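Engineer: Have a look at this one before I ask anything.
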């Protein structure tokens, strides 16, 4: 039963193969087994590839099964349409388009399995890319907020410098009126005279202005710091909102690109393995000598071709003979006087009817 199933997979004519030797049936069963297991590998590879796209196991199995059946049908068609001929160059030329198609199928099958085999290495490459993308994303988003934050920090620095400048002026006035009281500067008189009082009053005015400036600027600084905190919070939210997009950067195309960044040598040999599997039924049919099945199949085709050729020739002869007979019959008929008189009477009746009909139409028009 298993042999019959694999023979079905090979696309061979089961009725002809049933009349062949056991070795011939085993040969085509081996070809069919290769076709079947190639389709199984295609199902597994496409299922994994589609799982990375849909992230749903049921959808992956469903579409993977469809892809596996498609590959099975293509391989079965390719193998079944290659006919053994007496000329190897003719056979190779016949198989060339099918070999190209087999190479394309091998690439499609091998690539998802390569991604599964090198999954850990691909994940490492993707992790490095995600980290680089995260840093680049933060830098790019920071360009929208950094100028605003720097401008606000500059405003805070200006407010603080204003306070510091006022403190410096107030402290200078303090030193001035103390020196006046000690007699070490100004008038040089010891004691709190009129000049001392004047300088003390000026210092007190500046001190009051300093306190007012500190309160005003402190409120402004607090408000600016609140704005900076708001911008920082907004920046963190934007970064956190864009991070899931970066974390989800592990789709099929991203994995294929990551695979391309790995050393090509192992991937190339995996591709060669699947290419050998995919083309093995075709190569086997090309290299195998012409067997019993091929002779019987060729005989059956020649019988059908001969039968069709005979039918076409018979139809052509029948058509030619029928034409010659019709021509002779009509030549004999045209000399018959009775037929001539009959056709003349009918023509006269037709002309009378046409004249009557024309007369009635003219009367209606009046």
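Only the coordinates and a few stated rules stand behind these numbers; no lab work does. In this text, all values refer to a predicted model and were calculated from it rather than measured experimentally. As a convention, Cβ positions derive from the backbone with ideal geometry for all residues, glycine included, and neighbour counts pool all protein chains shown.
Engineer: What is the distance, in nm, between label points placed 7 Å from the Cα along the Cα-to-Cβ direction at residue 220 and at residue 298?
Structural biologist: A separation of 10.3 nm, rounded to one decimal place.
Engineer: Another question, then. What is the distance in Å between the Cα centroid of the range 270-318 and that of the range 1-48?
Structural biologist: With the range 270-318 and the range 1-48 each reduced to a Cα centre, they are spaced 17 Å.
Engineer: Ok, one more. Taking the Cβ-Cβ separation of residue 283 and residue 250 as r and a Förster radius of 35 Å, what is the calculated FRET efficiency to the nearest 0.05? Please list the in-between numbers first.
Structural biologist: On the way: r = 38 Å, r/R0 = 1.07.
In this case the efficiency is close to 0.40.
Engineer: Given a 10 angstrom Cα cut-off, can you work out which residue in 77, 206, 145 is the most mobile in a GNM of the chain?
Structural biologist: The residue with the greatest mean-square fluctuation here is 206.
Engineer: In addition: Under a point spin-label approximation (7 Å from Cα along Cα-to-Cβ), what is the residue 357-residue 124 distance to one decimal in nm?
Structural biologist: Taking the simple label geometry, residue 357 and residue 124 are separated by 9.7 nm.
Engineer: Can you tell which of 160, 346, 285 shows the greatest fluctuation in a Gaussian network model of the chain with Cα springs below 10 Å?
Structural biologist: 346
Engineer: Can you give the convex hull volume per residue for the Cα atoms of the chain, as a whole number of Å³? Let's see the in-between values first.
Structural biologist: Working: hull volume 173.2 nm³, N = 366.
Roughly 473 Å³ of hull volume per residue.
Engineer: Between residue 322 and residue 146, what length in nm is gained on full extension when 0.36 nm per residue of separation is reduced by their alpha carbon distance?
Structural biologist: 53.5 nm
Engineer: Return the distance in nm (one decimal) between the two label points of a simple spin-label model at residue 65 and residue 134, each offset 7 Å from Cα along Cα→Cβ.
Structural biologist: If labels sit at residue 65 and residue 134, their model points lie 4.0 nm apart.
Engineer: Tell me, how many Å apart are the Cα centres for the range 198-268 and for the range 87-154?
Structural biologist: Distance between centres, Cα-based: 32 Å.
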